[in-house]
1. Just read off the accessible area of ASP71 with the full protein assembly in place, 1.4 Å probe, to the nearest 10 Å².
2. Can you give me the distance in nm between label points at ALA136 and THR157, each placed 7 Å from the Cα along the Cα-to-Cβ direction?
3. How far apart, in nm, are the 7 Å Cα→Cβ label points at LEU254 and ALA84?
4. For the chain, divide the Cα radius of gyration by the Kirkwood radius and give the resulting Rg/Rh value with two decimals.
5. So for the pair ALA110, HIS5, with labels modelled 7 Å out along Cα→Cβ, what separation do we get in nm?
6. Sorted by accessible area with a 1.4 angstrom probe, largest first, how do LYS165, LYS206 fall?
7. Return the whole-Å distance between the Cα centroid of segment 139-186 and the Cα centroid of segment 204-257.
8. What does the net charge come to around GLU28 if you take all other residues with beta carbon closer than 14 Å to its beta carbon, with K and R at +1 and D and E at -1?
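The values are calculated or read from the model by the stated rules, or taken from the named source; none is laboratory data. Since this is a predicted model, take the numbers as computed values, not measurements. Positions of Cβ are generated from backbone atoms using ideal geometry, with glycine treated the same way; all protein chains shown enter the neighbour counts. The area values use the complete protein model at the heavy-atom level, side chains included, leaving out ligands, DNA and RNA. Shrake-Rupley method; radii C 1.70, N 1.55, O 1.52, S 1.80 Å.
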Amino acid sequence: MTTSHFDLSGRTALVTGSTRGLGLAYAEGLAAAGARVIVNGTTQAGVDAALAGLRAAGHDDVAGLCFDVGDPASIADAFARLDAEGEAVGILVNNAGIQSRNPMVDVTLADWQRVLDVNLTGAFLVAREAARRMIARGQGGKVVNIASLTSAAGRATVAPYTASKGALAAITRTMAVEWGPHGIQSNAIGPGYILTEMNAALIENKEFDAWVRASNPSGRWGRPEELVGTAIFLASPASDYVNGQTIYVDGGWLAQL
Ligand code: GCO
């Protein structure tokens with residue numbers, strides 16, 4: 001195998017929720033691998049700041065698309081804009097996600113729905129729009145869904161998130177089955193505990209931090225850039241016969257009893 005298997009030149013990647021955190025790391029990694037990258041966030045200011053950072057890092061083939069994956073009308077409008085601009089998304093990274101922590105007995109219906117709307121329904125709707133166009137173009141494509149350790153294991157206080165991520169790993173398999181015949185591979189990444197803004201409250205919590213370090217075979221939190229290689233792999237020809245999988249990038253956590 002040569003590095004050309006991982007070359008994304010000539011492909012356009014849309015990364016949802018990519019103005020910061022893991023999404024921005026994926027955007028930068030895919031750009032470094034040669035892709036044209038479309039950055040997404042819910043505010044134009046956030047998108048512009050991410051684009052400025054990417055350009056400053058030497059990535060010129062980048063564009064921004066402001067929309068809210070939690071709002072179906074906003075998704076429809078975004079794809080209409082992509083169509084009008086002749087953008088052909090061949091790689092979709094469904095990364096946008098939110099968290100809400102509460103014991104399950106205290107979870108409100110509104111919290112539950114908000115998390116599922118963004119993390120699951122949003123991922124479905126964006127993938128549906130992207131896949132319809134990939135199928136019509138007949139040139140295959142790649143869908144990379146960002147799942148979680150909670151796709152495979154339970155943790156107290158994150159029931160809505162767990163429901164969304166378990167279902168996201170499940171529909172990754174459905175995507176693989178339905179879209180595989182069209183040359184589209186759909187896979188997921190299950191990040192372990194990573195040093196991101198979403199986890200700030202956990203990182204700052206001494207007890208939680210100690211638990212992460214003690215219970216992970218790697219003895220530490222992961223860094224956003226440690227997810228990037230797997231994202232490039234799943235977006236590239238190197239993974240053309242990998243379909244429907246969730247690859248956990250967790251320092252070995254799930255391997256341990
Ligand atoms: C939590 C975190 C999760 C994890 C991640 C693990 O409260 O458990 O916020 O989101 O960081 O998803 O895979």
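1. Rounded to the nearest 10, the figure is 60 Å².
2. A separation of 4.5 nm, rounded to one decimal place.
3. Going by the 7 Å Cα→Cβ label model, 4.1 nm.
4. On the way: Rg = 17.5 Å, Rh = 18.4 Å.
On the Cα set of the chain, Rg over Rh gives 0.95.
5. In this crude label model, ALA110 to HIS5 measures out at 5.1 nm.
6. On the way: LYS165 10, LYS206 170 Å².
These residues rank, largest area first, as LYS206, LYS165.
7. 15 Å
8. Result for the neighbourhood of GLU28: 0.
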